[in-house]
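The values are calculated or read from the model by the stated rules, or taken from the named source; none is laboratory data. None of these values were measured; they are calculated from a predicted model. Cβ placement follows ideal geometry from the backbone for every residue including glycine, while neighbour counts extend to all protein chains displayed.
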Amino acid sequence: MILRLVERAAVLVISLAVASVLVFGFMAVLPGDPARVALGVNASDEAVAALRQQFGLDRPLTTQYFDWLGGLLHGDFGTSYVSKVAIGPQVADRFQVTLWLVVVGMVVALVLAAPAGTVMAARHRRLSGLALSALSQLGVAIPAFLAGILLIMVFAVKLGWLPANGWTPPASDPGMFLKQLILPALSLGLVQGAVLTRYVRSAVLDVLREDYLRTARAKGLRPFPALWRHGLRNAAVPVVTVLGLQLATLLIGAVVVERVFVIPGLGSLLLDGVSNRDLLLVQDVVMVLVVAVLVVNFLVDLLYVALDPRLRVAR
Amino acid sequence: MKSYSTRAIALLGAALLAASAAACSAGSGTTSGSSPGGDQSLTVGLVAEPASLDFTTTDGAAIPQVLLGNVYNGLVKQDETGKIVPDLAKSWTVSPDRKTYTFTLVDNAKFTNGAAFTAADAVFSINRVKTAWTTSLKSAMDVVSAAKAVSPTELQVTLSAPSNGWLFRMTTRVGAMFSQTGIDKLATDPVGTGPYKFGSWKRGDSIVLQRNDGYWGTKPFFNQVTLKYFKDPTALNNALLTGTINVIGTVQAPEALTQFTSNSKYQVIEGTTNGEVVLSFNNSRPVFKDIRVRQAIRQAIDHKALLDTCFAGRGKLIGSMVPPTDPWYEDLTGVAPYDKAKATAALKAAGAAGATLRLRLPTLPYATSCGQVVKSQLEQVGLKVTIDQLEFPAAWLTTVFKNADYDMSIIAHVEPRDLGAVFNVKYYTRYDDPTLVSLLAAADSGDEAAQVDNMKKAARRISEQAAADWLFLLPNLVVADKNLTGLPTNAITESFDLSRLARS
Amino acid sequence: MRRWNPSLVVGLAIVGLIVVVALLSFVWTPYDATLVDPAVRLASPSWAHWFGTDKFGRDVLSQLMVGSRTTLFVGLVAVGVAAVIGVPVGVFAAMSPRWVSEVVMRGNDLLLAFPALLLAIMFGAVFGASTLTAMVAIGIATVPSFARVIRSGALQVMRTEYVLAARAAGRRPFPVALRHVLPNVTSLITVQASVSFAIAVLAEAALSFLGYGTPPPTPSWGRMLQESQEFLFSAPRLAVFPGVAIAVAVLGFNLLGDGLRDRFDPKLEDRR
């Protein structure tokens, strides 16, 4: 187990290093001189050169890379060429926003998917199971932003129950925070929930076929209690993996929902950065996203081992 | 005169704020007393968030929209009719040779960092444009040969040549007055003498302005104004419908206006702006060197149908680069009337029938919409048009604006009085016309009557020469809660004036 | 073994319909899909315009028909890119020594950290937003899932007796891969392609919505949806038609994938 932990950690570190090179290299080939864009097209060449020097853009790429990486490791994300503001606090702020959205969205998804998937599996030959199955297929097919638009039309504009958009930090007004969180979290959660339902279903079906469960049922336990007592832990393993993968996609996938609901999250920061050619900002945001995904995958791996005792010995 | 041609490169990053509704800073406020609105606050929804708060080094219309007239004052400003009226300068005189301006300044103005505003600050601000500003707008100050503080309340500015343009530019951001001791953090913490002081900025979301209790003029009604930014026009509309904001400062989705006009909770204000939506030609391309081709394109476009289709019929048709609020406005829509047959024939005669033109559009909603209509209409007279989209601002600015690598483009030029700046051989239009240059020079150096007369001729000149096509003038479309007062009809300045807003 | 199952039938029907419509649009649409006609703008559905017209007076049905081409094209290229890279990588990883395989799969996992949306935005910034950049970005982002599935499939094949025999007989790895491994993972490739197709359709819609997808005037369902935003109150049908089209297409490809999986692997029948 320890060995596996060390091995996974080593893989994580190497992956992070490779990712940083990829991200930096990609940004370096972006056309358009960030200093010139920051100053406007008609800025004099001297002014551009001065800014390039001020931000160290005139140094060799390798120096710039190690400087950037070194800064990141110390939590220094650098200063934006465009807004002249430290990037670190901005990224941290936006990351929190997106994290709230994604985590609450995932909770919604899980709350929907766990029971629905289990019912679908337990009654997979009956009408109720089939109906749920069809519903989940439909859910998977609807893009999250379309779900968001529909929710706004119904609950905000027609019924007036909830605000159409906006974001309030939880600390400044918890009531408003919750109100504004409901619709975006629902649009993420409904769609992700539909995807997740299908995985829960097949995981539970797998478990139902296992010998120990057959035994339990042979002893007279009804399907749901049997599952509850013996199966859930095992069914959780594949579901947790999928959850981890989904969390990763959602971090960036949330950008569309952020746009629909005017939420200042990491995705919108990235889009703004791209259109302003705020190169360093884009580089930092992409790196943060990639790190987040890799770390989540790492944690999922660990959890995987913790949840499934069989895996502790295997491999 | 040189000022127009050098200023030529006036700024179009301004177009960032395409349909920016800017309110005009007019005389004294409608409110009285020390704090008539008490603790009331207001939230205004806008579309383009600034990238920085420092307009001395960052282009774009979004920054002066927030700061000019609200946080910063100038010596002079424009009232709603376009007249130049006092601001921090109580009055001014012009010498007979029209080269020396003497301003008498107010004596009770204070910056929000505590320092008093004096003539020395004015000299500092004017000189700083020449030395420290990096945006192209700085060329507006090139004509100034000296600025001198005669006394704390008397400022003398000497020009190297008479210029009508200079005093006008002083009403724009170039004329903003900075504190000698308050410029360390222009990008994040601006210090001015205006009715509001900068409060906070939540990037990607909103900017908060607080009432400046030490303001030297009439105190504004609202204690706090939040400017909230929306990328998506529909989200902006929804925010007003659900009460998150009180004002839509600039309606970007005119089609959706019906939901407000039919609702008694809201008022809809419709006026004009300085934003000419221009179908620009790259006049350095061989095909556009032939005036017959340029005129044919103008005649091939059914402007009425175009406006109906891509801006819901809101806005005004103009035939040249002058909005109706300028003193030298004339209706020139008749210069190139819609005539498909004539356009087709002219293109054939010019040997341009079947030519392929590249229409490179910025990724702005109105440009995308109008571009598709333009393509369709031009193809009906025998041209081939390929559309490609360039991300705005970065990609469009580099490709079209800087490198002039395009045949045609569509963008709103929102700068006030920008005819001379836009139709210039150094600008992306690459319009080379000595006649126009001399008309503009005569307008800038002449007296008021000569200015109006020559500007009229200049406007007619570019229209007849078909230097570009003017699709329409962006409307000032503002939607607000019914009980708000002080919203101007026409938006003719760079600022969104918050000081006159009140709740009845 | 059931050759036909409901998922497969419905999925095939939907996908078939889209393909037929797309092919039909090459030879016939009710109107020119990009023809601007202000005279009939925002017309409600009628005999002349079955699905009405948009704000440019363009026929919505014609646009949907031509838009299906964009959808299929994006899906095909994206899946093609993913398969062309992902399949060889997966097979290679399966046939390589353990440590090589590990390295390849770790690299593969790393690519998972760059989802389609992120890649497409980055590509759009570098090369300009276009259908091509969107397709390639979606394709590259889909490589890891292909590689993973194909590798595990290929590993199973590698353990079969005939492959073991072939390798024991001293056959070189490449011919073995070509003769024995690839043919035995084609069913996996087909299933994965169908599922990835659905994901590509969703990604294109999201990208067009953000302005990083198909540029105008080429009709695209995602952009139609984005353009309809202004009319959610006055003409919600403009959002309904492309919205339904996207959902149905995704549904079709998902069902097709499920149906194929059941068909190829009867053990799994009624499991998914």
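Any residue at all in region B:92-110 that's loosely packed, with under 15 Cβ neighbours inside 10 Å, farther than 27 Å from B:W328 by Cα and at pLDDT 90 or above? Yes, because at least one residue in region B:92-110 is loosely packed, with under 15 Cβ neighbours inside 10 Å, farther than 27 Å from B:W328 by Cα and at pLDDT 90 or above. Entry remark, region B:373-389: residues being more than 7 Å from every other protein chain (Cβ to nearest Cβ) and either farther than 29 Å from C:V126 by Cβ or of a type in the set (A, V, I, L, M) (or both) number 9 in total.
Look through A:F261, A:F298 and report the one residue that is modelled with pLDDT of 80 or more and at the interface with another protein chain (Cβ under 9 Å from one of its Cβ atoms).
Numbers: A:F298 fails: at the interface with another protein chain (Cβ under 9 Å from one of its Cβ atoms).
Only one candidate qualifies: A:F261.
Here B:I410 passes the criteria (1) modelled with pLDDT under 90; (2) of a type in the set (V, I, T); (3) outside any loop (DSSP other than H, G, I, E, B) except the one numbered (1). Of all the criteria given as (1) buried (at least 21 other Cβ atoms within 10 Å of the Cβ); (2) out of contact with any strand residue (DSSP E or B) (no Cβ under 6 Å at 6 or more places or on another chain); (3) within 14 Å of chain A (Cβ to nearest Cβ); (4) not hydrophobic (A, V, I, L, M, F, W, C), the one not satisfied by B:T193 is (3). Entry remark, region C:82-129: residues being touching a strand residue (DSSP E or B) at 6+ places or on another chain (Cβ under 8 Å) and of a type outside the set (A, V, I, L, M, F, W, C) number 1 in total. Can you find a residue that is surrounded by 19 or more Cβ atoms within 10 Å (Cβ to Cβ) and more than 23 Å from C:V248 (Cβ to Cβ) anywhere in region C:7-29? No: zero hits. For A:G160, the conditions (1) closer than 25 Å to A:V200 by Cβ; (2) at pLDDT below 85 all hold with the exception of (1). Taken residue by residue, region A:210-219 has at least one member that is part of a loop (DSSP other than H, G, I, E, B) and modelled with pLDDT under 80.
Could you please find all residues in region B:48-65 being more than 10 Å from chain A (Cβ to nearest Cβ) and either modelled with pLDDT under 85 or more than 23 Å from B:N238 (Cβ to Cβ) (or both)?
First, the residues of region B:48-65 that are more than 10 Å from chain A (Cβ to nearest Cβ): B:48, B:55-56, B:61-65.
Across region B:48-65, the qualifying residues are B:A48, B:F55, B:T56, B:A61, B:I63, B:P64.
Select from region B:458-486 the residues that are outside any strand (DSSP E or B), under 23 Å from the mean Cα position of the chain (by Cα) and farther than 19 Å from B:L317 by Cα and list them in ascending order. Residue satisfying the conditions is B:G486 alone. Of the residues making up region C:206-217, not one is surrounded by fewer than 22 Cβ atoms within 10 Å (Cβ to Cβ) and more than 9 Å from every other protein chain (Cβ to nearest Cβ). Among the residues making up region B:410-435, those that are over 23 Å from B:L364 (Cα atoms), under 22 Å from the mean Cα position of the chain (by Cα) and not basic (K, R) are B:G420, B:N424, B:V425, B:Y431.
Looking only at residues of region B:239-291 that are in a helix (DSSP H, G or I) and touching a strand residue (DSSP E or B) at 6+ places or on another chain (Cβ under 8 Å), we find that the one that is nearest to the other protein chains (Cβ to nearest Cβ) is B:A239.
Against the numbered list (1) at pLDDT below 75; (2) crowded, with 19+ Cβ neighbours inside 10 Å; (3) hydrophobic (A, V, I, L, M, F, W, C), A:L205 comes up short only at (1). Annotation: B:D308 fulfils all but one of (1) part of a loop (DSSP other than H, G, I, E, B); (2) within 14 Å of chain C (Cβ to nearest Cβ); (3) out of contact with any strand residue (DSSP E or B) (no Cβ under 6 Å at 6 or more places or on another chain); the unmet one is (1).
The C-beta contact set for region C:64-86 (first residue at pLDDT below 90, second residue basic (K, R), distance under 6 angstrom, 6+ apart or interchain) is empty. Of the residues making up region A:268-281, just one is more than 10 Å from chain B (Cβ to nearest Cβ) and under 16 Å from the mean Cα position of the chain (by Cα), namely A:L270.
Among the residues of region B:373-425, write down those that are of a type in the set (S, T, N, Q), in contact (Cβ under 8 Å) with a residue 60 or more places away in the chain and surrounded by fewer than 22 Cβ atoms within 10 Å (Cβ to Cβ).
First pass over region B:373-425, keeping only residues of a type in the set (S, T, N, Q): B:376-377, B:380, B:386, B:389, B:398-399, B:403, B:409, B:424.
Cutting the leftovers down to in contact (Cβ under 8 Å) with a residue 60 or more places away in the chain gives us B:377, B:380, B:409, B:424.
Across region B:373-425, the qualifying residue is only B:Q380.
Only residues that are more than 14 Å from chain A (Cβ to nearest Cβ) and of a type in the set (D, E, K, R) were counted in region B:204-238, giving 3. Of C:E204, C:E230, all but one fail to be assigned to a helix (DSSP H, G or I) and at pLDDT below 85; the exception is C:E230.
Residue under question is A:M176, and the condition is that it be surrounded by 15 or more Cβ atoms within 10 Å (Cβ to Cβ), of a type in the set (A, V, I, L, M) and in contact with a Ser or Thr (Cβ under 9 Å, 6 or more places away or on another chain); does it hold?
Judged against the criteria, A:M176 is a match.
If you scan region B:426-441, which residues turn out to be in contact with a helix residue (DSSP H, G or I) (Cβ under 8 Å, 6 or more places away or on another chain), touching a residue at least 40 places away in the same chain (Cβ under 8 Å) and not aromatic (F, W, Y)? Correct list: B:K426, B:T429, B:V437, B:L440, B:A441.
Could you please let me know if C:T71 is under 25 Å from B:Q389 (Cβ atoms), within 14 Å of chain A (Cβ to nearest Cβ), assigned to a helix (DSSP H, G or I) and over 14 Å from the mean Cα position of the chain (by Cα)?
On the way: under 25 Å from B:Q389 (Cβ atoms): yes; within 14 Å of chain A (Cβ to nearest Cβ): yes; assigned to a helix (DSSP H, G or I): yes; over 14 Å from the mean Cα position of the chain (by Cα): no.
When the stated conditions are applied, C:T71 does not pass them.
When each of C:V248, C:V244 is tested for being surrounded by fewer than 22 Cβ atoms within 10 Å (Cβ to Cβ), more than 9 Å from every other protein chain (Cβ to nearest Cβ), farther than 30 Å from B:K384 by Cβ and among the aliphatic types (A, V, I, L, M), the lone residue that passes is C:V244.
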